[in-house]
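Notes for the one structure printed next.
The values are calculated or read from the model by the stated rules, or taken from the named source; none is laboratory data. Everything quoted here is computed from the prediction, not taken from an experiment. Methodologically, a virtual Cβ is constructed for each residue, glycine included, from the backbone with ideal geometry; neighbour enumeration extends over all protein chains shown.
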Amino acid sequence: MFTPGRLVAVMIATATVLTACGDDGDAAAGTELTLWHYESPDSAMGVAWNKAIEEFERTHDGVTVKFEEKGFEQIQKSAQMVLNSDEAPDLLEYNKGNATAGLLSKQGLLTDLSDVVTERGWDDKLSPSVQTTCKYDERGVMGGDRWFGVPNYAEYTMVYYNKDLFDQHGVAVPTSLDELTAAMDTFVDKGVTPLSVGAKEYPAQQILYQLALSKADSDWVRGFQQYDGEVDFHDQAWTYGAETFADWVEKGYLSQDSTGIDAESMGVAFMEGKFPMMISGSWWYGRVQSTVKDFAWDTFLFPGSDLALGSSGNLWVVPENSPNKELAYDFIDITMQPDIQALLGNSGGIPVAADVSAITDEPSRKLVENYQTLVERDGLGYYPDWPVPGYYDVLVSATQKLISGSASPHEVLGELAGPYEENLATIGS
Amino acid sequence: MSLRRGLVLGVLVVLAVVMLFPFLLVLLNALKSPADYTANGPLGLPESLYLQGIVDFWERVDFGLKLTNSTVIAGSVSVLAVLVSILTAYALGIGRVRGRVWIVAVFLLANLMPQEALVYPLYFLAKEADLYDTKLAVIIIFTAVQSAFGTYLLSSVLSTFPRELVEAARIDGAGRWQILWRVVVPICWPTLSVLLVFFFIWTWNEFFIPMIMLVSNDNQTVPVALGVLQGQRLMDATAQSASALLGILPAVVFFLIFQRTLTRGIAVGAIK
């Protein structure tokens, strides 16, 4: 039974336990590399990086890798605090962009890698549009002059399509925007909604941005993403994007119900074979590949557009407080080697520095080839929510209004312009 | 009469189903293979019992260690917070300290403030005190937060405590310390035991502060470990259900076990 006397005894016992768990010793510098990332063990990056850890321990006698798998949210929310303490890891995966890696670089929490990058030749392996997200200026804006991160993989958006439904309705793979529109008309005529869209999260805004990109060039992207030149939300590209998007809704290419659908449900609906097409990113590729068994599927780049959404993947960053920077550089170097890059590619990821001929897995090679086509024409357009903190929610609300028809395309563009201009005024301050 | 009872029963059954539905959904999906989930959706019954998701998750995050961490933290917090609450509430409720309403109000601030607002000060304090990334830091923080609520509740309970009992004990020659432990605590035991259970479960479920304060995986608690599965853009519904099941179970088990023991404790206290 519990009695007050016993309670006191329990408390004393607890207090003893407490004093015992207060301390944990720090590992000696030079013999342990602490590494954090948030990729699941069976993802392409997880597989490749596990191999890299083995390789690192093989080539570094007496050094062990202390790998800790973290949650995405945990790193997002606590990185700034952790990196500012002596609990900082030696090397971690971190989200690229102005509000994340850019912010930390501005606060002096990340090591400037510029010298190491040239010394080890990583810059030769990375294409210019991938390098943009690795380099930040003193305002923490990407595309700057100093290197703060190195990516291993890339991502881009494409059109996933259900071959069986295409054959059944006599539709060929479109090679221009007109053909895509014609294909979608065919599906609508037969009572099939062509696009699986989730407008509750990122997918709808990515379609809007993709449509704008189809009338834009890389200067336009630089202007919008790097605050480099005038940005006019009622210019030809944005106007075309918003009007076409509204037009697509009106013609029934995407369902009005999609305002209540999240990204997960969008993907699941496509994988269940309910929709002929889904416009989304390479992050779905591995999952579609392992899940879809009942129909044939493939992908194509968004037709009639030189640019597509996409960027480097997340970055390896080295905290300024890391005691083992040289070991961290060695590890990054291993992940950039051809064998690890090829393994990443063969596991369904998009390596940034691989030789396509080393990718033996047929569907993976297609994915990498399409990526290289994009990179060769400098076709990575990044993401619409990057330039402004909190822009994601503005874009979700704007596209939902376009879908429900509660605002005209020009009103919606006006809504996008407001926060963008407010933010522009505060950049670097 | 029996019609009315039937009606009440019917309403209660519906309510119970509504309450239990999320748990059922978690249970259902935790025992499904990912392929089964995509083929039949979240509501379909599992085609076959699939335990691999639970096993994989257990090994991936070293769940046994997380259970120990959570138990040590939640256990210490619940005991310490009840102890602190008793002492403060004794002073406020029975001792009738001057300005007690304001004191209680200040205590409650700890509970009412969003944890996001507390995080930076706590982080700097923990760093200064060399307690950052230790379980002790989280225990101290939650002992303060929970005992703030405990003080508020217990002091209002104790302000209605029969004065005659206190007077009688004092006439019999008991000091303040003896009155507290021999008279007040045994009579309040039911309230204290309920507080203990609540503190344990609340602390167990805390996510934000443990996530910020416990940096290394060796110190992490169960809810933080569950966060590992939440990817940047994708989620794995079956693995997440498996982890959610593992995350809920200990708190439910704790509640069931201690509910029994504590009720028995209440009965014993009453006879005395």
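Every condition in (1) touching a Lys or Arg at 6+ places or on another chain (Cβ under 9 Å); (2) of a type outside the set (G, A, S); (3) more than 12 Å from chain A (Cβ to nearest Cβ) is met by B:L195 except one, and the failing one is (1). When B:V138 is tested against (1) out of contact with any Pro (no Cβ under 8 Å at 6 or more places or on another chain); (2) among the aliphatic types (A, V, I, L, M); (3) modelled with pLDDT of 90 or more, only condition (1) is not met. Those helices (runs of 4 or more DSSP H) of segment A:45-135 in which 1 or more residues are of a type in the set (A, V, I, L, M, F, W, C) and within 11 Å of chain B (Cβ to nearest Cβ) occupy A:72-83. Annotation note: Cβ proximity below 9 Å between a residue of segment A:117-142 that is within 14 Å of A:N314 (Cα to Cα) and a residue that is surrounded by fewer than 17 Cβ atoms within 10 Å (Cβ to Cβ) and among the basic types (K, R) (sequence gap 6+ or interchain) occurs for A:T132/A:R222; A:K135/A:R146.
If you filter segment B:156-192 down to residues that are under 18 Å from the mean Cα position of the chain (by Cα) and not hydrophobic (A, V, I, L, M, F, W, C), you find that the one that is farthest from the other protein chains (Cβ to nearest Cβ) is B:T191. Residues of segment A:98-142 that are more than 22 Å from A:D333 (Cα to Cα) and touching a Ser or Thr at 6+ places or on another chain (Cβ under 7 Å): A:G140, A:M142. Can you confirm whether B:I94 is under 21 Å from B:V194 (Cα atoms), more than 21 Å from the chain's Cα centre (by Cα) and at pLDDT below 90? Criteria met by B:I94.
Consider A:L315 against the criteria (1) surrounded by fewer than 24 Cβ atoms within 10 Å (Cβ to Cβ); (2) closer than 26 Å to A:T64 by Cα: it satisfies all of them except one. Which criterion is unmet? Evaluating A:L315 over (1) surrounded by fewer than 24 Cβ atoms within 10 Å (Cβ to Cβ); (2) closer than 26 Å to A:T64 by Cα leaves (1) as the failure. Residues in segment A:389-429 that are outside any helix (DSSP H, G or I) and farther than 17 Å from A:Y240 by Cα: A:P389, A:G390, A:S406, A:I427, A:G428, A:S429. Scanning segment A:352-378 for residues that are within 17 Å of the chain's Cα centre (by Cα) and either assigned by TED's automatic domain parsing to the domain that holds A:A204 or of a type in the set (A, V, I, L, M) (or both) yields A:V352, A:L367, A:V368, A:L374, A:V375.
Step by step: first the residues of segment B:118-132, then only those that are in a loop (DSSP other than H, G, I, E, B) and not aromatic (F, W, Y), then the one that is nearest to the other protein chains (Cβ to nearest Cβ). Which residue is that?
Selected residue: B:L131.
Only one of A:F275, A:F270, A:F331, A:F295 is outside any helix (DSSP H, G or I), surrounded by 21 or more Cβ atoms within 10 Å (Cβ to Cβ) and on the phi < 0 side of the Ramachandran plot. Can you tell me which? Just a single option satisfies the conditions, and that option is A:F275. Just so you know, in segment A:180-191 the residues that are surrounded by 17 or more Cβ atoms within 10 Å (Cβ to Cβ) and hydrophobic (A, V, I, L, M, F, W, C) include one that is nearest to A:W248 (Cα to Cα), and it is A:M184.
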